[in-house]
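K.L.:
Pasting in a structure now, in structure tokens, and then I'll have a few things to ask.
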Amino acid sequence: MKDTFKHKGLRQQLVNTVKSKGIKDEKVLKAIGKIPRHLFMDSSFLDHSYQDKAFPIAADQTISQPFTVAFQTELLQIKPNDKILEIGTGSGYQTAVLCEMGARVYSIERQNELFKKTSKFLPKLGYRAKKLVFGDGYIGLKEEAPFDGIIVTAGAPFVPKPLLSQLKIGGRLVIPVGDDVQIMTLFIRKGPKEFEQHEYGEFRFVPLLGDKN
Ligand code: SAM
């Protein structure tokens with residue numbers, strides 16, 4: 001698992017690209033600049049690791065585009081020690097970004113192949129999520145709720161109610177909502193039954209699917 005001078009240079013260029021597209025949060029940019037994205041990808045895509053693009057990973061899934069990862073993370077407004085739930089562990093790259101920013105991370109993945117692979121891989125890089133779960137993100141993680149933030153990294157046809165109810169008051173849910181195209185949506189919990197909603201334009205994700213696989 002090599003991280004060379006060349007990789008570091010390419011990573012700095014990626015940080016500049018993401019910054020030029022509007023990401024301002026220095027902590028997010030620092031995390032992108034530090035995490036060796038090439039190690040999260042299949043070897044056939046190694047040469048493309050630092051392009052600002054999504055790429056295929058195992059089980060017909062994708063590692064999200066770095067700009068998208070940065071955009072969603074910025075919307076979460078993470079503070080060190082925040083308790084964050086991620087839906088869609090996938091390659092573990094977004095999980096690593098959250099860990100790097102000092103969050104206590106809980107992450108759920110419905111594809112067993114990815115769950116097993118990423119559970120082994122992340123600790124090797126020194127990223128220790130509080131809990132990686134093989135399960136269905138539609139139902140969240142009630143036993144660990146409430147969360148300061150919840151991030152959904154797959155396209156949700158609707159907003160799952162359990163995720164809204166597992167937010168702290170003041171907590172933030174970042175979720176791409178839609179079928180073929182998704183609208184990045186932020187919910188801020190203002191009270192037991194009050195949520196503020198903001199929308200941030202179109203994105204494209206693999207779908208949030210039901211149950212486990
Ligand atoms: N965060 C990931 C990363 O950095 O690589 C992004 C992975 S991909 C865009 C979305 C992931 O969500 C896939 O791994 C997919 O299997 C997972 N997924 C889809 N539906 C799910 C569900 N109901 N519960 C948990 N994970 C789900």
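The values are calculated or read from the model by the stated rules, or taken from the named source; none is laboratory data. All values reported here derive from a predicted model rather than from experimental measurement. Cβ atoms come from the backbone with ideal geometry, glycine included; neighbour counts cover every protein chain shown. The area values use the complete protein model at the heavy-atom level, side chains included, leaving out ligands, DNA and RNA. Shrake-Rupley method; radii C 1.70, N 1.55, O 1.52, S 1.80 Å.
K.L.:
Under 18 Å Cα-Cα from K24, which lysines qualify once same-chain neighbours fewer than 8 residues away are excluded?
P.N.:
Result set, ordered by chain and number: K34, K79.
K.L.:
According to the square roots a ≥ b ≥ c of the eigenvalues of the Cα gyration tensor, what is the shape class of region 1-107, taking rounded for a/c under 1.5, prolate for a/b larger than b/c otherwise, and oblate for the remainder?
P.N.:
Values: a/c = 1.64, a/b = 1.21, b/c = 1.35.
Here region 1-107 falls in the oblate category.
K.L.:
Report the trypsin sites (Lys or Arg not before Pro) located in region 28-79 that are in a DSSP loop and have at most 15 other Cβ atoms inside 10 Å of their Cβ, or state none. Working shown, then result.
P.N.:
Working: sites: K30, K34, R37, K53; in loops: K53.
Loop-located and lightly packed - K53.
K.L.:
Non-local amide H neighbours of G135 (under 5 Å, H modeled in plane, Pro and chain starts lacking H): which ones?
P.N.:
Amide H neighbours of G135, under 5 Å, 5+ apart: E109, R110.
K.L.:
Continuing with this model, one more query. Using only the heavy atoms of the protein chains and a 1.4 Å probe, how would H7, H48, H38 rank by accessible area, largest first? Let's see the in-between values first.
P.N.:
Numbers: H7 45, H48 70, H38 5 Å².
Greatest to least solvent exposure: H48, H7, H38.
K.L.:
Looking at region 79-169, which trypsin sites (Lys or Arg not before Pro) are DSSP coil and have at most 16 other C-beta atoms within 10 Å of their C-beta? Before the final figure, lay out the partial values.
P.N.:
Numbers: sites: K83, R104, R110, K116, K117, K120, K124, R128, K130, K131, K142, K168; in loops: R110, R128, K130.
Filter output for region 79-169: R128, K130.
K.L.:
Roughly speaking, to the nearest percent, how much of region 5-203's 1.4 Å accessible area is carbon and sulfur?
P.N.:
Working: 4770 of 9170 Å².
Carbon with sulfur: 52 percent of the solvent-accessible area.
K.L.:
I've got another one for you. Starting from the Cα gyration tensor of region 82-128, take the square roots of the eigenvalues, sort them a ≥ b ≥ c, and report rounded, prolate or oblate (rounded when a/c is under 1.5, otherwise prolate if a/b is larger than b/c, else oblate). List each step's numbers first, then the result.
P.N.:
Values: a/c = 2.40, a/b = 1.33, b/c = 1.80.
The shape class here is oblate.
K.L.:
Sticking with this one: What is the chain's relative contact order, in percent, from Cα pairs under 8 angstrom and six or more apart in sequence? Intermediate values should be presented prior to the final figure.
P.N.:
Values: 426 pairs, mean separation 32.2, N = 213.
Relative contact order for the chain comes out at 15 percent.
K.L.:
May I pose another question? Expressed as a whole number of Å, what is the distance separating the alpha-carbon centroids of region 116-177 and region 15-94?
P.N.:
Taking the Cα centre of each part, region 15-94 and region 116-177 sit 16 Å apart.
K.L.:
Considering only DSSP beta bridges whose two residues both sit in region 123-213, what percent are antiparallel, to the nearest 5?
P.N.:
On the way: 14 of 20 bridges.
So the antiparallel bridges amount to about 70 percent of the total.
K.L.:
Run the numbers on region 84-170 and let me know its relative contact order in percent, using alpha-carbon pairs under 8 Å that are six or more apart.
P.N.:
On the way: 140 pairs, mean separation 30.0, N = 87.
Answer for region 84-170 is 35 percent.
K.L.:
Okay, moving on. Rounded if a/c is under 1.5, else prolate if a/b beats b/c, else oblate: with a ≥ b ≥ c from the C-alpha gyration tensor eigenvalues square-rooted, which is region 54-93?
P.N.:
On the way: a/c = 3.46, a/b = 1.78, b/c = 1.95.
It is oblate, given that a/c is not under 1.5 and a/b is not larger than b/c.
K.L.:
Okay, moving on. Using a cut-off of 16 Å between alpha-carbon atoms, which lysines can reach K21, once sequence neighbours fewer than 8 places away in the same chain are excluded?
P.N.:
Filter leaves K30, K53.
K.L.:
In nm, to one decimal, how far is the K53 label point from the Y200 one, both placed 7 Å along Cα→Cβ?
P.N.:
2.4
K.L.:
Keeping all protein chains in place, calculate the accessible area per residue for the chain (probe 1.4 angstrom), answer in Å². If you can, show how the numbers build up before the last one.
P.N.:
Working: 10330 Å² over 213 residues.
Result: 49 Å² of accessible area for each residue.
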